[in-house]
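The values are calculated or read from the model by the stated rules, or taken from the named source; none is laboratory data. Just so it is clear, the model here is predicted, and its values are computed rather than measured. Because the Cβ atoms are built from the backbone with ideal geometry, glycine has one as well, and the counts that use them run over all protein chains shown. Note: accessible area is taken over every heavy atom of the protein model, side chains too, but ligands, DNA and RNA are not part of it. Shrake-Rupley method; radii C 1.70, N 1.55, O 1.52, S 1.80 Å.
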Amino acid sequence: MTEPIKIIPFSGANKYILDEELAAIVNISMALEMPLLLKGEPGTGKTMLAHAIAEALGMPLVVLNVKSSMKLVEALYQYDTLTRLNDSRFSDSDRDVSDIEAYIKMGKIGQSFTADERTVLLIDEIDKADTDFQDDMLDVLDQMEFDIIEIDKTISARHRPVIVITSNAKKDLSDPFLGRCNFHHIAFPDPKMMRRIIKVHFPEIDTALMENAVDTFYRMRDLDAVEKRPATRELINWIRALKFDPDFKPKQLTKGDIPYLGVLFKKSEDYQKVAATVQRRRLL
Amino acid sequence: MFIDFFYKLKEAGIPVSPTSFLTFHKALSMGLIGSLNDFYTASRSILIKSERYFDLFDQVFAHYFEGAEMPEPDGMVLDEMARVLLESWLKNPRILADALGMDASELNKLSPEELIEYFKARLKDQTGEHHGGSRWIGTGGKSPVGHSGFHPGGMRVGGESRNKSAVKVAMDRRYKDYSLSGPLTRPMVGEALKRLRHMIPTGPKDQVNVDATIYQTMKNGGEIEIVFDRSLKDRLKVILAIDNGGWSMDPYIQVVQTLFDYARDQFKELKTYFFHNTIYDVLWNDTARYKKPQRVDEFVRLDPDTRMVIVGDASMAPYELMATDGSIHLEERSGQPSIERLRFIADTFPYSVWLNPVPERMWNFTQSINAIRRIFPMFELSIDGLEKAVGHMMAK
């Protein structure tokens, strides 16, 4: 079914900073041919990892964005009954109505199985779907094949995709599902890591700006009573905003003058609370 | 190989499966693991399936490979306290020094290890005093007083994780926050409540019903007729009644708040009411329990499928529950004992539960809890309890 896997050590891509631990886990999962399940706070780069793997290994990336009402079949294939009905009535297309296969379209998982080369399959936010979805997917990922019921045909993976699954919720997925995955929890990056991440995104950033911004960012993250704490994405956007403003001087931040709070805090209550704290204390 | 290690993990209460252990051996035999670091990373990602067990895993790992002490519960609490103390010390040494009756400059000379030892010794001396979670310890980590930017001895806590040996990383216990016993967080509540839904067709007819379409088309002799359906939407009605009065509920406000916040986003039809200790003739729409009363009798007009969730510690003097005119509020004079009203609610809404923030093992000690348990199915306000409660409310 699959050719012997070449182990291509994965060591990070252009825009993605990888810690050694995670790199080791990715490599092990690839070698063991097991899906890698990633959990962690929003903004810790779960989704980005799959993009980075695809980029680093030069494989096409297939993304399955899981939605709450999704059935597994939709991710595998779709049987376009309506078009077939239409064709059988008006027979003005060049498809052969008696050939059901002409009306089968591959879903995301199907695409990654039938692709000509090995792909990276990202199953994003699997916890959104019902547990049924996960359970149904077990067999597919285990056997690397699925049946198209309408034409009684089994689709096997031509190349076993590298599978990355992400989950936001703190709750466990079902046990049998977990048993088939390798698991990693991505912690929020520490300031040192964050500086490296920023360097990657803004190669010629001014050191004072970066130091002050990161410093201020972590202190604001630590504020109590903030419900949605800003993540990496917010920090990067914020720095982009700061850089864009010609009047802004990095020194302002140390004095407690923090512009563009709205980029960091997206909930109005959070924004007001933080703005008030900053106003009052001027210590941030 | 490493079978002991596997059993040590099992003994520690981590659910590790033999299959994953075999997978781990496959990794070993493939030569993927060349160092203790690799061993740590690989064994954790293969064997451990939830971040909640990372902390425990770290401890077992350190124990197995370095002979680190397996922590005793008491020691762990002390460790934790000492760590919190150290943190607040780093934020503002003077406050802590004052609290301990020490001179800041004297503490300043100690190395971090000595500091920790010192704190532990102090805590051991004072266990009597600090057992109740004396406030400055409980809130030590988030002292509202600004930090002074002053680091004794130039030490850092945490951070710097890249080049540490695996054992050292394990001994750091980075995953402590995710341990099972942690407080109820929003995502956890969300996950538990997710199954609480009642799907009924609503909205525009925008989904093609293939079977009906084919049927109709055949009936029309091949003339295509496409049949549309409404999509299924969640239309569950939920009433949340929260005990927000009195000091007895104070410790649980955070938990209840989380539950309440989540419920507000989650359910389209959510009514929230408040009461104090138990329910008499009225529930209140406003938190002050003063302006907007809602008569309990009027609940009969509501859909009996409504899910009624009552949150309260159910702890009160027995007469408040049993006596007519038992309310401690003078203006609530009803002529019916509260227990009758509770029965009435339970009869009106067959799908009702009582969530109690008091740990289940304490329930037997309170008379009123036992009385109420006989009326409402009572569940602990924890992740487990919530899930059981949801299971109960969704049972057909």
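Structure notes:
- Shape class for the range B:354-396, computed from the alpha carbon gyration tensor (a ≥ b ≥ c): oblate, with a/c not under 1.5 and a/b at or below b/c.
- Largest GNM mean-square fluctuation among A:A102, A:A52, A:A157, using chain A with Cα springs under 10 Å: A:A102.
- In Å², nearest 10: area of B:Y319 left accessible to a 1.4 Å probe: 120 Å²
- Within the shell defined by Cβ-Cβ distances under 12 Å, the residues around B:E380 carry a net charge of -1, with Lys and Arg each +1 and Asp and Glu each -1.
- Chain A: most fluctuating residue of A:R219, A:R118, A:R196 per GNM, C-alpha cutoff 10 Å: A:R219
- Unsatisfied cross-links (Cα-Cα over 28 Å) in the set A:K105/A:K228; A:K108/B:K26; A:K46/A:K267; A:K71/A:K267: A:K105/A:K228; A:K108/B:K26; A:K71/A:K267
- In the complete set of protein chains, residue-level accessible area for B:S35 is approximately 50 Å², probe 1.4 angstrom.
- ³J(HN,Hα), Karplus 6.51/-1.76/1.60, whole Hz, each residue of the range B:32-38, x for Gly, Pro: 7, 10, x, 8, 5, 4, 4
- The contact between chain A and chain B removes approximately 3600 Å² from the accessible area (both sides summed; 1.4 Å probe; ligands, DNA and RNA excluded).
- Solution diffusion estimate, µm²/s, Stokes-Einstein, the range B:1-70, Kirkwood Rh from C-alpha pairs, 4 °C, viscosity 1.567 mPa s: 107 µm²/s
- Take the Cα of B:A395, step 7 Å toward its Cβ, do the same at A:K228, and the gap between the two points is 3.8 nm.
- With DNA, RNA and ligands ignored, accessible area of B:W354 (1.4 Å probe; Å², nearest 10): 0 Å²
- Per residue accessible area of chain A, 1.4 Å probe, in Å²: 48 Å²
- For chain A, carbon and sulfur atoms together expose 49% of the accessible surface, with a 1.4 angstrom probe and every protein chain in place.
- Of A:I126, A:I205, A:I186, the one that fluctuates the most in a GNM where chain A has Cα springs shorter than 10 Å: A:I205
- Shape call, the range A:83-133: gyration tensor on alpha carbons, a/c limit 1.5: oblate
- Förster radius 22 Å - calculated FRET efficiency between B:E223 and A:T83 (Cβ-Cβ, nearest 0.05): 0.85
- Evaluated over the range A:16-154, the Cα radius of gyration and Dmax, each in Å: 17.9, 60
- Restricting attention to the range A:15-124, close to 40% of DSSP beta bridges with both partner residues there are antiparallel.
- A:E33-A:K267 pseudo-label distance in nm [points 7 Å out on the Cα-to-Cβ vector]: 4.5 nm
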